[in-house]
Amino acid sequence: MCTATLTDDSISYVCTMVRERSAIELEKSKGYLIEARLLPLAKQLGFPSINELIQGVRTKRQPDMERKVVEAMTTNETSFFRDTHPFNALRTKILPEMLQLRTATKALNIWSAACSSGQELYSIALLAREHFPQLSTWKLQFVGTDLSEDILTRARYGIYSQVEINRGLPAPLMLKYFVRDGMTWQIKPELRSMATFTKLNLIESWPPLPQMDIVFLRNVLIYFSPETKRDILRKVRQVMSPHSVLFLGAAETTMGLDSAFERIEAERSVFYRLK
């Protein structure tokens, strides 16, 4: 059985490694969080304690093991139509405007950065399919990115537990777009095929991305230092098309970080456009 008491040295090592690999700032006072996240990993890898897991990472220097520790410390909290208001703004204001702005090209690119297990991106796809049938003739790219390969694999399969389905997904959409398989539900191929999921670490070099019309980067910047936030916002700007919009989390803002964005409110939600 794994024990969970971490030494100060182990906590410091994890905080440093996570900061270097992901730029996420972990406070050393959050030892309880590190224990909670790494205990299942220690059990999975066969270590008798979390300290011995960390010691193994330090001595063996195996990239895969280091990756697993860093990914275990990232937050993958998500749900369908999370927080509701951004999706209302998307439905009533942003997508109708995009239909006008992109009518010549009939192309639309939407990016869910830090997409976790895919619920956010699939929620956008569901909204587009339900409320904007004219988009069925457009060239659409729904792109989800995350630094965790394991979580991206889950997103690609689009399989969710009953608890995950119950969190935010209206019953009519569940019955219309999901297929039940025992205790889980899988999103139908017609929706799965609309989404592409690929690995991207926000603080490293980015793979080529299309020019994005709508970017969801919600509840991500809160984990970074001001300097890292500025760098990420700068890189996001570089892949945003004219008249595109950026959604951040409710506790996040571009103010004081990047003056190229203007703040807009709609449907009790806040989003940002390039000035």
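The values are calculated or read from the model by the stated rules, or taken from the named source; none is laboratory data. The structure presented is a predicted model; accordingly, all values stated were derived computationally and were not measured. Neighbour counts are summed over all protein chains in view; Cβ atoms, including those assigned to glycine, are modelled from backbone coordinates with ideal geometry.
Is there a residue in region 13-36 that is under 18 Å from Phe216 (Cα atoms) and of a type in the set (A, V, I, L, M)? No; the residues of region 13-36 include none that is under 18 Å from Phe216 (Cα atoms) and of a type in the set (A, V, I, L, M).
Considered as a group, the residues in region 98-109 that are assigned to a helix (DSSP H, G or I) and touching a residue at least 60 places away in the same chain (Cβ under 8 Å) include one that is farthest from Trp185 (Cα to Cα), and that residue is Leu101.
Filtering Phe142, Phe197, Phe178, Phe132 for residues that are among the aromatic types (Phe, Trp, Tyr), surrounded by 14 or more Cβ atoms within 10 Å (Cβ to Cβ) and over 28 Å from Val236 (Cβ atoms) leaves a single hit, Phe178.
Residue pairs whose Cβ atoms lie under 6 Å apart, sitting 6 or more positions apart in sequence or on different chains, and linking a residue in region 68-81 that is within 18 Å of Leu39 (Cβ to Cβ) to a partner that is among the polar types (S, T, N, Q), are Val70/Ser22; Glu71/Ser148; Asn76/Ser116. Would you check if Gly46 is more than 24 Å from the chain's Cα centre (by Cα), loosely packed, with under 13 Cβ neighbours inside 10 Å and not assigned by TED's automatic domain parsing to the domain that holds Ala250? Against the criterion (more than 24 Å from the chain's Cα centre (by Cα), loosely packed, with under 13 Cβ neighbours inside 10 Å and not assigned by TED's automatic domain parsing to the domain that holds Ala250), Gly46 qualifies. Restricting the first member to region 110-133 and to residues that are closer than 25 Å to Gln162 by Cβ, and the second to residues that are acidic (Asp, Glu) and in a helix (DSSP H, G or I), the beta-carbon pairs closer than 7 Å and six or more apart or on different chains are Ser112/Glu120. Under 30 Å from Pro242 (Cβ atoms), at pLDDT 95 or above, in a helix (DSSP H, G or I) and in contact with a Phe, Trp or Tyr (Cβ under 9 Å, 6 or more places away or on another chain): does that describe Leu173? In short, no. Here no strands (runs of 3 or more DSSP E) wholly within region 178-275 include at least 3 residues being touching a Lys or Arg at 6+ places or on another chain (Cβ under 9 Å), of a type in the set (Lys, Arg) and over 17 Å from Thr145 (Cα atoms).
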